Amino acid sequence: MYCSIQDIKDDLTEKVVAQLSNDENPNEVNEEIVSKYISESTQLIDGFLRSRYNLPLDKEHAILKKACIDIVKYELYKRRGKVFESIQNLYVDSISTLEKIQKGMITLDEGNFETRPGFFLVSERKPVFDKDKLDNY
């Protein structure tokens, strides 16, 4: 799990989480629903990371915690049918961040030299028609 129920409460306030998660008693957080969304968000994040990193990760990463919190917030608001633009933007940004991690544009400080994702070294090749040949025409 990349975040906890307490992380969601700290981000949204306990009152808001209660209103978004509990249909019968909007003053009490339905931890079962919040836990379900945390689990689903964790599986989504793992899906992005699986191709680049050995799971489970050894360290906690703030970037993944934030992404998980933002995805859970989006799911809670979506559950109520009221996804505000700011919440939608956080969700889109989180998915974009996960895509960048997957593509290697963002690298997590994870593993050691042998297990860390590699990179390709591209060298420049000499052009067939260089400046001197083109000047002769």
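The values are calculated or read from the model by the stated rules, or taken from the named source; none is laboratory data. These figures come from a predicted structure and were not determined experimentally. No Cβ is skipped: glycine too gets one built from the backbone with ideal geometry, and neighbour counts run over all protein chains shown.
Only residues that are within 19 Å of the chain's Cα centre (by Cα), of a type outside the set (Ser, Thr, Tyr) and crowded, with 17+ Cβ neighbours inside 10 Å: list them for region 32-43, please. If the condition is that a residue be within 19 Å of the chain's Cα centre (by Cα), of a type outside the set (Ser, Thr, Tyr) and crowded, with 17+ Cβ neighbours inside 10 Å, then Val34, Ile38 are the ones that fit.
One residue alone among Tyr77, Tyr2 is at pLDDT 95 or above and touching a His at 6+ places or on another chain (Cβ under 9 Å), and that residue is Tyr2. Put simply, of Val16, Val72, Val29 the only residue that is in a helix (DSSP H, G or I), more than 12 Å from the chain's Cα centre (by Cα) and at pLDDT 95 or above is Val16.
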